[in-house]
Amino acid sequence: MLILYQFARTNFHSYILGCTNSIPYFKESGHNFNSYHDGAKDVIIYPNPASKFINVISENEITGIKLYDVNGILIKEKRYNKFSKKPGIIIDELDDGFYFIHIYLINDEIVKTFIKKR
């Protein structure tokens, strides 16, 4: 059983206190579920749900992408520079489910969600 408690912090970060099989843990989540971020509308991910690849579009330069599962475990990471081809990430090896995608811009970080479906 997984129980999550969130403690808000500045700069769109938070701490999550959880309990899995009666073993408590405390970690920084990097995402504040209670915050509204205007920059999120400047980034588009598609398709959603996806089966093989997630495309990422932004008006700002994308410097990196990280994928996390619902337990907050880093699954994949990819870095970009201004010479990189169209940003996106291959997801065909992931299990079906719900994931968080952290999109890193030059001066910002935006978190979106997507569903992996075969």
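Here's the list of lysines a cross-link from Lys52 could span, going by alpha-carbon distance under 27 Å and ignoring same-chain residues fewer than 8 apart: Lys41, Lys66, Lys76, Lys78, Lys82, Lys85, Lys86, Lys112, Lys116, Lys117. Overall shape: oblate for region 71-115, with the ratio a/c of the largest to smallest alpha carbon gyration tensor axis at 1.5 or above and b/c at least equal to a/b. Extension gain, Asp69 to Ile106, is 10.9 nm, computed as 0.36 nm per intervening residue step minus the present C-alpha separation. Projected label points at Lys86 and Ser51, each 7 Å from Cα along the beta carbon direction, are separated by 1.8 nanometres.
Counting 0.36 nm for each residue step from Phe98 to Ser58 and taking away their Cα separation leaves a gain of 12.2 nm.
Only the coordinates and a few stated rules stand behind these numbers; no lab work does. Since the model is a prediction, treat every value here as computed from it, not as a measurement. With ideal geometry, Cβ positions are generated from the backbone for all residues, glycine too; neighbour counts draw on all protein chains shown.
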